[in-house]
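> Could you have a look at this structure, given as structure tokens, before my questions?
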Amino acid sequence: MRSVGSTLEDFERDLFSNLYFQRGTTIESASGSDGYHTLALTVRDRLVERYARTAAAHYDANPRFVYYLSAEYLLGRQLRQNLLYSDTERFVHPIAEDLGVTLEDLESYDVEPGLGNGGLGRLAACLLDSMATLDIPAVGYGIRYEFGIFKQGFRDGAQVERPDDWTFYGNPWEFSAPDDRQVIGFYGTTARALDDPSGLRRQWTPGETVRGEPSHMLVPGYGTQTVNIIRLWQARASRESFDLSRFGAGQYKEAVEDIVRAENISKVLYPDDSTEQGRELRLKQQYFLVACSLRDIIRRYRLRNSGWDAFPAKVVIQLNDTHPVMAVTELMRLLVDEHHLDWDLAWSITRRTFNYTCHTLLPEALETWPVSLLERLLPRHMEIIYAINYFFLQEVEATYPGDADRIRRLSIIQEEPEKRVRMAHLAVVASTAVNGVAELHTRLLQATTLRDFAELWPQKFHNVTNGVTPRRFVRLANPRLSALISERLGGEQWLTDLDRLDGLAPAADDPAFLERWRAAKRANKADLAKQVEKSTGVVIDPDALCDVMIKRFHEYKRQHLKLLHVITLFNRIRENPDLDLVPRTVLFGGKAAPGYHSMKLLIRLVNAVADAVNTDPLVSRHLKVVLLPDYNVSRAQVIIPAADLSEQISLAGKEASGTGNMKLALNGAVTIGTLDGANIEIRDRVGAENFFLFGLDAHEAAEARRDYHPREYYERDPELRAAVDAIAGGMFAKGDRGLFGPVVDAMLGRDEYLALADYRAYLECQDRIEQAWRDPDGWARMSVLNAARCGFFSSDRTVRDYCDLIWRVEPVRVLDGG
Ligand code: GLG
């Protein structure tokens, strides 16, 4: 194996060699981008060597592998992470200084792969990071979207979406592996396999084929030699698709039609599903991901194993939400139709291989697909679903004889109003383990959304509370705080053993430490202020309370409740200019799905309110409001370390877990939140006195919803009425009463997520926060205790839980090469 050296001299030599031989340029003529790419390649070389040793160790050990299937990975920038993980950052500074550049300059070329959209995608990235760190043999499978999640901008305050061409300058972190490409089919017909008396084996003749070309990115572990990979598939037309004769005849568009159709599959993340074509494309993507990945998993299995008996002992597949659930039917098809296994054996293998993580409680977020679409796009898979359902319902009938209603509720097929396949049901039926992502979520899944399944198979259900990687979200995002923590704890072991943060608790009573803690926060806030000014022009005060709500825009998350608070403060200051208010910056960040019109309108309203606040000479002395455009992982890494207050105000029972809540608490932000998702577990750990709780709990919310009249709250509460009236009266729309009318109608009409019911409690809680903020030592104490007591929320712990409860995999140590 070729070995890269580990000294500064080796690093410098490789850097110049890469600049010359890989970029084909010299130091005299190199551009900034050349500099970045060269550095990236040199860092990558260090990881490649570890990867080669990891692959060899895995080959020798032939262990059980975790295969993580996910539609999204929200990785964030790679350069700083890989410098840290390869322990080469210390080399860069002296070399860069010699050359007259800074690491910050070079990092500005580091593009974030926008391959995810929210918490689910970032969780996938955190779990991969922790698996590598814990030496768990694992591969993540996903799609290499040509354009990831859109870039968000604002025009007249309204969200505009621009394509994110993230690979435009090339992605130095990725290797393509064309030899491992796969060919998969769509459409076509099925026929009976004549030599199969059971009739369960059939022959599928696809009507269209598409190539999946893989590339992989390296996923290094921290403080260990393991480097795993994430394998991403890109769709390519099969070679015959280019119609040379049409091209020759000048029909250029028609000549490439098939190519365009095939390659559209991996064009964008979550194609808009408001049209028939969009829905078909989404399902195509899902099948494309799992069909390519399963073939690759089988290829890897066969490198060291033969026969099928050992398959579940060597392969555990984790389905990240319902998007990859077609994998179940594809494995059945491969085993039964192509490898001629008998149905029962194939089913037993399948059931022992898969596990399913559910990330939601909202029934509308549980995917279902029309039977008619499946019959056309994946005819064989639809037959397999029917067969799985047939045998499953026999099992149900045997357990609950004559309970037709239960059979209807449990069935994988929904009959009314249109026949559809319930992907979550398919996932539960085909999995060994099903897990929710926080204690409350798992409990509610068992009690409501998946209740019949929990009664049928109670032993299948587990809770695995989410976590976040402290490497990216504390060490990289917040170097100041990290240095302080390491100094206090006497080393960096906390980065791989986050429970050690507990050792900070006594420092919460040490005034000198609190002073330094505050200074770190203050400096982070100054950094944030610079970025806010640069991207919005708004000047914010680093000494103001930094009140942060960063997450996707969704009605259940209740950004509109936060906005009602802001408008109330606005009204209070205008009514009473001498009011002694705590100076506060309210920072929003988040995108709305392109087809989610009500949330796009809310974004517009947030921007309009921000404008009104920031330009009012009176109000802006106390309050600033900013919606930072294009919220992503890189921006999160700047905002989170600067936050004083973390807004986690979803209606209780709606947010499965949340992970932003964990990142913020670990960075010393104090939470204002409802008893929802992982907020509950955060509060249990940091202590009720260090957490600002308000609002209905999940049970009360469910009760209140039965007979709910938001107007009564509006009429009873003058401040609430004034806030709503300000919107309705066109105060934020230059007098136009129509523009934000739908926001008001939604609040007063249905108020689906009970924002008005929680308004007064929320405001009172914010008043308590003001009081607390006036005592700087008291606040800093809460802040320290939040960080100190949140070690549980490391994704290392999450991965250990998955290993113990579900995966039953053992780590494989990779020996040091040096
Ligand atoms: C979900 C949920 C979040 C959860 C995340 C990761 O909405 O509450 O923290 O997955 O489990 N769809 C999501 O982003």
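The values are calculated or read from the model by the stated rules, or taken from the named source; none is laboratory data. Quick caveat, the model's predicted, so the values are computed rather than measured. Every residue, glycine among them, receives a Cβ derived from its backbone with ideal geometry; neighbour counts consider all protein chains shown.
> Look at Ser86 and say whether it is more than 18 Å from Val48 (Cβ to Cβ), away from the ligand (no atom under 16 Å from the Cβ), among the hydroxyl-bearing types (Ser, Thr, Tyr) and out of contact with any Asp or Glu (no Cβ under 8 Å at 6 or more places or on another chain). First the steps, then the outcome.
Values: more than 18 Å from Val48 (Cβ to Cβ): no; away from the ligand (no atom under 16 Å from the Cβ): yes; among the hydroxyl-bearing types (Ser, Thr, Tyr): yes; out of contact with any Asp or Glu (no Cβ under 8 Å at 6 or more places or on another chain): yes.
Considered against the rule, which asks whether it is more than 18 Å from Val48 (Cβ to Cβ), away from the ligand (no atom under 16 Å from the Cβ), among the hydroxyl-bearing types (Ser, Thr, Tyr) and out of contact with any Asp or Glu (no Cβ under 8 Å at 6 or more places or on another chain), Ser86 comes out as no.
> I need a count of the residues in segment 98-146 that are of a type in the set (D, E, K, R) and either touching an Asp or Glu at 6+ places or on another chain (Cβ under 7 Å) or within 14 Å of the ligand (Cβ to nearest atom) (or both).
1
> Same structure, new question: Inspect segment 54-69 for any residue being in contact with a helix residue (DSSP H, G or I) (Cβ under 8 Å, 6 or more places away or on another chain) and farther than 21 Å from Gln225 by Cβ and give the result as yes or no.
yes
> Then there is this: Please determine whether any residue of segment 443-466 is closer than 30 Å to Arg635 by Cα and among the aliphatic types (A, V, I, L, M).
Yes, some residue in segment 443-466 is closer than 30 Å to Arg635 by Cα and among the aliphatic types (A, V, I, L, M).
> Further question: For segment 622-661, which positions are within 16 Å of the ligand (Cβ to nearest atom) and either acidic (Asp, Glu) or more than 18 Å from Asp547 (Cβ to Cβ) (or both)?
If the condition is that a residue be within 16 Å of the ligand (Cβ to nearest atom) and either acidic (Asp, Glu) or more than 18 Å from Asp547 (Cβ to Cβ) (or both), then Asn632, Val633, Glu647, Leu651, Ala652, Gly653, Lys654, Glu655, Ala656, Ser657, Thr659 are the ones that fit.
> Looking at Thr357, Thr350, Thr275, can you tell me which residue is touching a helix residue (DSSP H, G or I) at 6+ places or on another chain (Cβ under 6 Å) and hydroxyl-bearing (Ser, Thr, Tyr)?
Checking each option against the conditions leaves just Thr350.
> How do the helices (runs of 4 or more DSSP H) wholly within segment 163-267 filter down when requiring 2 or more residues that are hydrophobic (A, V, I, L, M, F, W, C) and surrounded by 13 or more Cβ atoms within 10 Å (Cβ to Cβ): which remain?
Output list reads 257-263.
> Any residue in segment 339-366 that's assigned by TED's automatic domain parsing to the domain that holds Tyr67: show its pairings with residues that are within 12 Å of the ligand (Cβ to nearest atom) and of a type in the set (D, E, K, R) at Cβ separation under 8 Å, as long as the two are six or more apart or on different chains.
Thr357/Asp321; Cys358/Asp321; His359/Asp321; Thr360/Asp321; Leu361/Lys654; Leu362/Lys654
> Would you say Val586 is under 18 Å from the mean Cα position of the chain (by Cα), modelled with pLDDT of 95 or more and away from the ligand (no atom under 14 Å from the Cβ)?
It is false that Val586 is under 18 Å from the mean Cα position of the chain (by Cα), modelled with pLDDT of 95 or more and away from the ligand (no atom under 14 Å from the Cβ).
> So which residues in segment 1-54 are in a helix (DSSP H, G or I) and of a type in the set (Gly, Ala, Ser)?
Matches in segment 1-54: Ser17, Gly32, Ser33, Gly35, Ala40, Ala52.
> On to the next question. Filter segment 440-470 down to the residues that are within 16 Å of the ligand (Cβ to nearest atom) and in a loop (DSSP other than H, G, I, E, B), then identify the one that is farthest from Arg683 (Cα to Cα).
Only one residue tops the list, namely Leu450.
> Might you check whether a residue that is touching a residue at least 24 places away in the same chain (Cβ under 8 Å), in the same structural domain as Ala291 (by TED's automatic domain parsing), within 16 Å of the ligand (Cβ to nearest atom) and in contact with a strand residue (DSSP E or B) (Cβ under 8 Å, 6 or more places away or on another chain) occurs anywhere in segment 150-173?
No, there is no match, as no residue in segment 150-173 is touching a residue at least 24 places away in the same chain (Cβ under 8 Å), in the same structural domain as Ala291 (by TED's automatic domain parsing), within 16 Å of the ligand (Cβ to nearest atom) and in contact with a strand residue (DSSP E or B) (Cβ under 8 Å, 6 or more places away or on another chain).
> So, one more: Identify the residue in segment 797-818 that is closer than 17 Å to Ile317 by Cα and hydrophobic (A, V, I, L, M, F, W, C) and, among all such residues, is surrounded by the fewest Cβ atoms within 10 Å (Cβ to Cβ).
Taking the candidates together, the pick is Leu805.
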